[in-house]
Amino acid sequence: MIYNDTIAAISTAPGVGGIGIIRVSGLDAVEIVDKVFKAASKKTLKEAPSHTIHYGHILNKDGRVIDEVLVMLMKAPKTFTREDVVEINCHGGPVPLEAVLMEVIRNGARLADSGEFTKRAFLNGRIDLAQVEAIMDIIEAKTEVSLSQAVNQLEGKLSKQIKEYQDMLIQIIARIEVSIDYPEYDEDEPLAEDFKDDIRALNDKLKQLLATADTGKMIREGVKTAIVGQPNVGKSSLLNALLEENKAIVTDIPGTTRDIVEAYLNIEGMPFLLLDTAGIRETEDIVEKIGVERSKESIAQADVVLMLIDSSRELDQEEIALMNELKGRQVIFVLNKTDLTPVITQEILKAYTGDQPIVSISAMKQDGLNELRQAMKNFIVNKGISIGQEATISNQRQKQSLVKAIESLDKVGDTIDMGMPEDCIAIDLHDAYGHLGNIVGEALKDEIINELFTRFCLGK
Ligand code: GDP
Ligand code: ZN
């Protein structure tokens, strides 16, 4: 795809940084920058070889120096957008940066929309949709592990895997279509039976990939961790202790945490999204009731639940009921306030919790927090999350397309079992191929593409 206009934007984060970069991309990028840039060498960029750096000054229309710059010249097609790209490294702070951008625009470039550079890279075939999403994930990465997952995806791990599966499908489709077009070619063999095994094997691989969706999402968005328990057991205190800041309001009036407080916690590179919920309690108070319903909701959505118990007082009926509700869930029981005289011990608690893990802490004295972090990390380790080894599905859009591909292949199996003609089989195989293609963004609708790129920030 060839665009006629040349776009420009500040591509570094706003603020008073040491340097800022203005990125210009398009047919006239080199010509436009040549109009405002005077190289110390007196040569124009047009004459210069690609992928070179040039020192000089940006001048305004009166010939006055706006900034001293380094210009990076990258001619098509080996660039991010596959167009001519010129990057101007300014170092004068935000004001000259804006002024340089204005000069570039005055000379014929257009201010880029959000995500427009990435969009051009995508539409020019430089990257696929999974990689576009990876760029977004890199910008938003919560921790080192989230970042490395996104980088893997940008490097094309998922894309390559999908391509491989599409190639396997094409082989099968080709064999079927030959048998449709030339029935005499293979007439005495029940052909469908032949590739039934191949299709099942492929479908198993797709299902394995689908199984990475949960962990992929956790790595991207954080392991959803609901902190639950009766009012006043110390949920907000624990959240604050873990975060080492006063994010949640701590009081000793039962039921103060009226809403869910969310915060990210980084445990050895894994992101956890902590949710402090209102005390689980039947109540007549409307405001608190909403909070209680939310906390039930957040338990339902959580990947792991931290249930807090106050070790300095007896268990009550609601607590015991909640412990029963949490049977079979991923839960860590946290016995808090161990600085006070114990009424409840781990031994007593074990009668209710079975072999689910229990950790003793004092949120107030910040005791036992390392053990708790370790228990949370074990949850990840036990899930067998391995980073960087394989392709992972990392968002809902990719997951839905994969599920549809699997459904199509499941249907192929049924169709073969029912002895349906081969052209019926071929239709479902083509469907599966298309759904796989959607993961990497082949033939996606314009609206979806536009929606996606508006989520980017300017200059990317
Ligand atoms: P929440 O309602 O479960 O969120 O409980 P809060 O975090 O608001 O704490 C309720 C009260 O218990 C506050 O007065 C806290 O200071 C106190 N508290 C919390 N953790 C501890 C602890 O480890 N030891 C002691 N002694 N008090 C605590
Ligand atoms: Zn609270």
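The values are calculated or read from the model by the stated rules, or taken from the named source; none is laboratory data. If you're wondering where the values come from, they're calculated on a predicted model, not measured in any experiment. When we count neighbours, we look across all protein chains shown, and the Cβ atoms used for this are built from the backbone with ideal geometry, even at glycine.
Among the residues of the range 351-358, are any more than 16 Å from ligand 2 (Cβ to nearest atom), closer than 15 Å to residue 238 by Cβ and at pLDDT 95 or above? Yes: the range 351-358 contains one or more residues that are more than 16 Å from ligand 2 (Cβ to nearest atom), closer than 15 Å to residue 238 by Cβ and at pLDDT 95 or above. Filtered by the rule that a residue be in contact with a Gly (Cβ under 9 Å, 6 or more places away or on another chain), outside any helix (DSSP H, G or I) and modelled with pLDDT of 75 or more, the range 404-460 gives no residues. One residue stands out among those in the range 221-238 that are in a helix (DSSP H, G or I) and surrounded by fewer than 24 Cβ atoms within 10 Å (Cβ to Cβ): the one that is nearest to the chain's Cα centre (by Cα), which is 221. Here 319, 347, 371 are screened, and the one residue that is in a helix (DSSP H, G or I), within 16 Å of ligand 2 (Cβ to nearest atom) and either in contact with a Leu (Cβ under 7 Å, 6 or more places away or on another chain) or acidic (Asp, Glu) (or both) is 319. Of all residues in the range 140-158, those being among the acidic types (Asp, Glu) and within 12 Å of the chain's Cα centre (by Cα) number 1.
Across the range 298-337, the number of residues qualifying as within 14 Å of ligand 1 (Cβ to nearest atom), surrounded by fewer than 18 Cβ atoms within 10 Å (Cβ to Cβ) and under 17 Å from residue 360 (Cα atoms) comes to 2.
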